[in-house]
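A.B. asks: What follows is a single structure, and I will ask about it in a moment.
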Amino acid sequence: IEAALVDGPLKGKRVLVTSGPTHEPIDPVRYIANRSSGAQGTAIARALSALGAEVVFVTGPADVPPPNGVQVVRIETAQQMLDAVQSAVPVDAAVFAAAVADWRVAKESASKMKKDKGGIPKLDFAENPDILATISQLQEGRPALVVGFAAETDDVVENAAAKRQRKGCDWIVANDVSAGTGIMGGAENDITLITNEGAEDWPRMAKDQVAARLADRIAKALA
Ligand code: CTP
Ligand code: CA
């Protein structure tokens, strides 16, 4: 379906957004997941689209439906997300809001694991590719603006600033996902935006408002 592009400051710009959790299979009926609802990434894609961007939305199995008017690419695993992202570039900007599983089960079982065969299983893990770092460090065709997220529970700003340096992205949206903050899976977010100019603490607000404000900043950065 042709996206209904609106007139706005991002008209003519192509933007990639990753969102949601990934599912890493154990066997045909079981997987490893995380608590991401996809709400923040979905809100960001919607806000960018509302400013006129052509949005490629690469999403894991989220709780919330994708926005209208964006190009939706549904994936399950981190490896599939990387493949989809690599197919989507070149883009003018990329926002990596997905909660990508850091590890996958090294050997997915082709058949259902049974209780009465082999006892309690031990799972071996392998590290997933870092999608944000891969795109941030592209030698050719790197997006002009790469925005990462940093989900932290301790030393939020310090860890997020180090993450920004390590991965090579331009901005990092840092949030405290400690139990009790209600951020993971909730309707609000409390973020610090880290750029090359330093750390900006935003007040706690609805995820939709965080998205609108971030989209506005992205439009200004790309102008
Ligand atoms: N990310 C990614 N690919 C991965 C892991 C993370 O693209 N395999 C992205 C996320 O979408 C987010 C950023 O990297 O934009 C930071 O994710 P986070 O989980 O906070 O950082 P990690 O580097 O995985 O470090 P850790 O989980 O150990 O804190
Ligand atoms: Ca991680």
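A.B. asks: Need the failing condition index for A106 against (1) over 16 Å from the mean Cα position of the chain (by Cα); (2) aliphatic (A, V, I, L, M); (3) under 21 Å from R164 (Cα atoms), just the number.
C.D. replies: If we test A106 against (1) over 16 Å from the mean Cα position of the chain (by Cα); (2) aliphatic (A, V, I, L, M); (3) under 21 Å from R164 (Cα atoms), just (3) comes out false.
A.B. asks: Does region 189-204 hold any residues that are closer than 24 Å to A62 by Cα and surrounded by fewer than 16 Cβ atoms within 10 Å (Cβ to Cβ), and which are they?
C.D. replies: R204
A.B. asks: Please name all residue pairs, on different chains or six or more residues apart, with Cβ atoms under 6 Å, provided the first residue is in region 123-137 and is under 14 Å from D102 (Cα atoms) and the second residue is within 9 Å of ligand 1 (Cβ to nearest atom) and β-branched (V, I, T).
C.D. replies: Listed pairs, sorted by first residue: I131/V85.
A.B. asks: Out of L16, L82, L10, which single residue is farther than 24 Å from E127 by Cα and of a type outside the set (V, I, T)?
C.D. replies: None of the others qualify; the one that does is L10.
A.B. asks: Do we have A101 as touching a residue at least 60 places away in the same chain (Cβ under 8 Å) and surrounded by 18 or more Cβ atoms within 10 Å (Cβ to Cβ) here?
C.D. replies: For A101, the condition - touching a residue at least 60 places away in the same chain (Cβ under 8 Å) and surrounded by 18 or more Cβ atoms within 10 Å (Cβ to Cβ) - is met.
A.B. asks: Looking at this structure, is Q71 under 20 Å from A187 (Cβ atoms) and in contact (Cβ under 8 Å) with a residue 40 or more places away in the chain? I'd like the intermediate steps shown before the answer.
C.D. replies: On the way: under 20 Å from A187 (Cβ atoms): no; in contact (Cβ under 8 Å) with a residue 40 or more places away in the chain: yes.
Criteria not met by Q71.
A.B. asks: Moving on. Does A62 count as part of a loop (DSSP other than H, G, I, E, B), within 16 Å of ligand 1 (Cβ to nearest atom), touching a residue at least 24 places away in the same chain (Cβ under 8 Å) and of a type in the set (A, V, I, L, M)? Spell out the reasoning first.
C.D. replies: Working: part of a loop (DSSP other than H, G, I, E, B): yes; within 16 Å of ligand 1 (Cβ to nearest atom): yes; touching a residue at least 24 places away in the same chain (Cβ under 8 Å): yes; of a type in the set (A, V, I, L, M): yes.
Yes; evaluated as a whole, the condition is true for this residue.
A.B. asks: Another question, if that's okay. Within region 76-93, can one find any residue that is within 16 Å of ligand 2 (Cβ to nearest atom) and part of a strand (DSSP E or B)?
C.D. replies: Looking for residues that are within 16 Å of ligand 2 (Cβ to nearest atom) and part of a strand (DSSP E or B), one finds none in region 76-93, hence no.
A.B. asks: Let me ask another. If a residue counts only when it is over 18 Å from G20 (Cα atoms), which strands (runs of 3 or more DSSP E) contained entirely in region 122-223 have at least 3 such residues?
C.D. replies: Because the criterion is at least 3 residues that are over 18 Å from G20 (Cα atoms), the strands (runs of 3 or more DSSP E) in region 122-223 that meet it are 125-127, 191-195, 198-201.
A.B. asks: Now for a separate question. I'd like the full set of residues that are surrounded by 20 or more Cβ atoms within 10 Å (Cβ to Cβ) and β-branched (V, I, T), limited to region 49-76.
C.D. replies: If the condition is that a residue be surrounded by 20 or more Cβ atoms within 10 Å (Cβ to Cβ) and β-branched (V, I, T), then V55, V56, V58, T59, V70, I75 are the ones that fit.
A.B. asks: Can you confirm whether region 131-152 contains a residue that is at pLDDT 95 or above, crowded, with 18+ Cβ neighbours inside 10 Å, more than 14 Å from ligand 2 (Cβ to nearest atom) and more than 22 Å from Q80 (Cα to Cα)?
C.D. replies: Taking every residue of region 131-152 in turn, at least one turns out to be at pLDDT 95 or above, crowded, with 18+ Cβ neighbours inside 10 Å, more than 14 Å from ligand 2 (Cβ to nearest atom) and more than 22 Å from Q80 (Cα to Cα).
The values are calculated or read from the model by the stated rules, or taken from the named source; none is laboratory data. Since the model is a prediction, treat every value here as computed from it, not as a measurement. With ideal geometry, Cβ positions are generated from the backbone for all residues, glycine too; neighbour counts draw on all protein chains shown.
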